[in-house]
Amino acid sequence: MVTRRSFITGFAAMPVLSYLSLDNVFAATPKNILVMALQLDIITSLDPHEAFESVGEEVTGNLYQQLVKPKLTAANEIEGDLALSWTASDDKKTFTFKMDPNAKFADGTPLTAEDAAFSLQRVVKLDKSPAYIINQFGYTKDNVEQFISAPDKQTLVIKTAEPASESFLLYCLSANVGSVVQKSACLANQKGDDLGNAWLKTNSAGSGAFKLRTWKVSETVILESNKNNPHAGKIERVIIRHIVDPSAQLLMLQKGDVDIARNLTTEQLRPLQNDKNFTLVSKGIAGTLMVSANVANPNLAKPQVWQAIKWALDYESIQKNIIPLTHKIHQSFLPEGFPAAVNTIMYKRDVTKAKALLAEAGFPNGFEVTLDHYSASPSADIAQAIQSNLGEIGIKVTLLAAESRQVLTKMRARQQQLALTQWGADYFDPNSNAEAFCSNPDNTTNAKSRTLAWRCSWQDKAISDLSTQALHESDPAIRIKLYEQLQTQHMENSPFMIMFQPTLTAACRHDISGVVLTVMSTSPYEKVVKA
């Protein structure tokens with residue numbers, strides 16, 4: 001088992017038919033159906049090797065299993081999921097996993113090591129956004145079949161190009177991108193050489209506690225219980241309804257139209273706090289809410305501009321007046337709760353300093369810029385506050401509101417100027433965010449690694465080198481200090497204005513229990529019970 005200390009050693013049968021029609025208002029949800037209100041517009045795909053948004057990953061986390069997974073109660077500890085055991089060679093370049101011989105996919109087909117090998121190879125070959133998590137171990141489309149193999153049905157062998165820390169490898173494999181998909185289903189639905197990607201966007205081929213019935217973009221996700229999973233619970237169906245307005249979510253919760261509301265803001269949470277008819281389940285998550293600047297835009301290319309924006313933002317007012325129950329001020333790329341996280345508040349609103357920095361950058365009269373942001377609350381409210389703050393130093397901001405997936409798609413094409421988005425860590429190691437925020441080895445359009453830094457067209461060799469040094473450091477204490485140093489330099493010298501760390505809250509009706517939210521933004525629906 002991976003412990004908190006070892007991980008830091010571095011890189012070395014279906015109910016009421018009316019519930020199928022979601023256009024009708026309904027109440028008193030059946031005991032074997034769980035209905036949630038949740039903003040779904042961030043989902044771009046339900047292929048686990050492509051999905052890279054928090055809600056999409058939560059859904060796929062209920063559809064698929066990985067070789068290993070973080071403990072629900074302690075994200076820093078890794079336990080087996082599909083793998084019963086694993087060993088590492090003396091040179092730390094070969095890792096052997098023994099698979100659960102009883103594991104089955106949702107259709108009853110046995111799950112074997114061949115499926116696991118195919119899945120990891122598929123990640124590399126598809127080369128979608130989350131592929132860099134696996135590619136860190138030296139894999140390419142040309143060599144991955146030699147590095148990852150299944151000598152028999154229950155044995156998976158993973159080799160790495162260089163010696164790798166067992167704990168670091170396990171953390172990466174526990175990420176959503178490490179999900180095991182059914183090889184035969186993917187290949188049977190393959191179009192061209194897409195390995196079933198187009199099909200798997202809206203279908204499932206996993207062994208998780210649920211299987212996908214349907215996903216309608218920005219409307220619904222419906223899951224059905226997978227009775228071939230030994231952990232399947234009493235909930236037969238999960239219906240997730242896309243409800244954008246938090247006030248509408250609250251009303252539906254109070255009327256009994258939904259069992260759980262997931263996107264309530266402070267305004268809606270306050271009246272529920274002391275109401276015995278509802279339970280609030282909250283968890284601080286490994287996420288950050290930030291403004292980022294695409295430095296390919298000439299107005300956003302200079303460090304003084306980044307600094308000016310950081311000093312212009314009124315973090316305290318936004319937190320106190322808009323998001324007091326859902327976010328706290330946090331300004332480094334490692335969320336509080338991660339080892340090495342720097343929780344220092346480096347920036348507070350200073351309009352005079354911000355104006356001086358803007359003048360130093362050559363913009364004494366400011367400039368015009370666009371800010372892409374999610375249209376739902378609270379992002380829309382925060383964006384308006386940012387617009388006001390920057391306006392006071394001469395930066396005229398035009399707000400561009402869109403569904404979450406549209407904002408993210410635009411960023412992934414590097415077409416944004418400023419963007420207000422949220423980022424969550426993929427695995428419980430500092431490198432998860434350090435890699436995303438600091439590394440951009442190839443800034444060209446066709447780069448293999450498309451990190452957050454790449455999306456912002458930003459490279460800083462000193463910061464990138466320090467990130468690599470911290471990753472490879474074998475001494476735990478030194479590694480901590482390197483990541484602390486890295487965060488400080490990043491706060492001072494990067495185009496990322498990190499503002500807040502979110503707290504997730506699930507508002508539940510009194511007959512709901514077993515709701516679990518985790519620091520890694522996962523939620524196992526099979527644990528939910530309705531009285």
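The values are calculated or read from the model by the stated rules, or taken from the named source; none is laboratory data. On a predicted model such as this, the values are computed, not experimentally measured, just so you know. Virtual Cβ from ideal backbone geometry, glycine too; neighbours counted across all protein chains shown. Ligands, DNA and RNA are excluded from the accessible area calculation, which covers all protein heavy atoms including side chains. Shrake-Rupley method; radii C 1.70, N 1.55, O 1.52, S 1.80 Å.
Return a yes/no flag: does region 310-322 have any residue that is over 30 Å from A507 (Cβ atoms), touching a strand residue (DSSP E or B) at 6+ places or on another chain (Cβ under 8 Å) and not basic (K, R). Break it down into steps so the answer makes sense when it comes.
So the first thing to find is which residues in region 310-322 are over 30 Å from A507 (Cβ atoms), and the list is 310-312.
Adding the requirement that they be touching a strand residue (DSSP E or B) at 6+ places or on another chain (Cβ under 8 Å) leaves 310, 312.
Still in the list and also not basic (K, R): 312.
For region 310-322, residues over 30 Å from A507 (Cβ atoms), touching a strand residue (DSSP E or B) at 6+ places or on another chain (Cβ under 8 Å) and not basic (K, R): present.
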Task: Hits in region 269-290 (condition: over 17 Å from the mean Cα position of the chain (by Cα) and open to solvent by less than 10 Å² (accessible area, probe 1.4 Å)) - done: L269, L272
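For the condition outside any loop (DSSP other than H, G, I, E, B), closer than 26 Å to P364 by Cα and open to solvent by 10 Å² or more (accessible area, probe 1.4 Å), what is the one hit in Q304, Q254? So that I can check it myself, show each step before the final result.
Details: Q254 fails: closer than 26 Å to P364 by Cα.
Result: Q304 is the single residue among Q304, Q254 that is outside any loop (DSSP other than H, G, I, E, B), closer than 26 Å to P364 by Cα and open to solvent by 10 Å² or more (accessible area, probe 1.4 Å).
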- [ ] With the checklist (1) assigned to a loop (DSSP other than H, G, I, E, B); (2) under 23 Å from S521 (Cβ atoms); (3) of a type outside the set (K, R); (4) open to solvent by 10 Å² or more (accessible area, probe 1.4 Å) in hand, flag the one item V180 doesn't pass.
- [x] (4)
TODO: Might you check whether a residue that is in a loop (DSSP other than H, G, I, E, B), open to solvent by 40 Å² or more (accessible area, probe 1.4 Å) and out of contact with any helix residue (DSSP H, G or I) (no Cβ under 7 Å at 6 or more places or on another chain) occurs anywhere in region 55-72?
DONE: yes
Open item on the list: Out of the helices (runs of 4 or more DSSP H) lying entirely within region 450-530, which hold 2 or more residues that are surrounded by fewer than 23 Cβ atoms within 10 Å (Cβ to Cβ) and of a type in the set (S, T, N, Q)?
Closed with: 461-472, 476-493
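From the list T522, T488, which one is closer than 30 Å to I235 by Cα and among the β-branched types (V, I, T)? I'd like the intermediate steps shown before the answer.
Details: T488 fails: closer than 30 Å to I235 by Cα.
One residue alone meets the criteria, T522.
Select from region 319-339 the residues that are under 20 Å from the mean Cα position of the chain (by Cα) and among the aliphatic types (A, V, I, L, M) and write down the one among them that is nearest to I386 (Cα to Cα). Steps first, please.
Within region 319-339, the first condition is being under 20 Å from the mean Cα position of the chain (by Cα), and the residues that meet it are 326-339.
In the following step, the residues that additionally are among the aliphatic types (A, V, I, L, M) were identified as 329, 334.
Details: I329: 15, L334: 22 Å.
Out of the qualifying residues, it is I329.
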- [ ] State which residue is farthest from L156 (Cα to Cα) when the search covers only region 76-123 and only residues that are among the polar types (S, T, N, Q) and under 24 Å from the mean Cα position of the chain (by Cα).
- [x] N76
Open item on the list: Just to check your reading of the model, which residue among K320, K310 is closer than 27 Å to D426 by Cβ and not in a loop (DSSP other than H, G, I, E, B)?
Closed with: K310
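So is T352 closer than 30 Å to A75 by Cβ, at pLDDT 95 or above and among the polar types (S, T, N, Q) or not? Please lay out each step first, then the result.
Numbers: closer than 30 Å to A75 by Cβ: no; at pLDDT 95 or above: yes; among the polar types (S, T, N, Q): yes.
Considered against the rule, which asks whether it is closer than 30 Å to A75 by Cβ, at pLDDT 95 or above and among the polar types (S, T, N, Q), T352 comes out as no.
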Open item on the list: Looking at the structure I just gave you, is P163 outside any helix (DSSP H, G or I), modelled with pLDDT under 95, surrounded by fewer than 21 Cβ atoms within 10 Å (Cβ to Cβ) and out of contact with any helix residue (DSSP H, G or I) (no Cβ under 7 Å at 6 or more places or on another chain)?
Closed with: yes
Task: Residues located in region 186-244, provided they are part of a loop (DSSP other than H, G, I, E, B), open to solvent by 20 Å² or more (accessible area, probe 1.4 Å) and hydroxyl-bearing (S, T, Y) - done: T202, S204, S218
Task: Wholly enclosed strands (runs of 3 or more DSSP E) of region 74-151 bearing at least 3 residues open to solvent by less than 40 Å² (accessible area, probe 1.4 Å) and touching a strand residue (DSSP E or B) at 6+ places or on another chain (Cβ under 9 Å) - done: 94-99
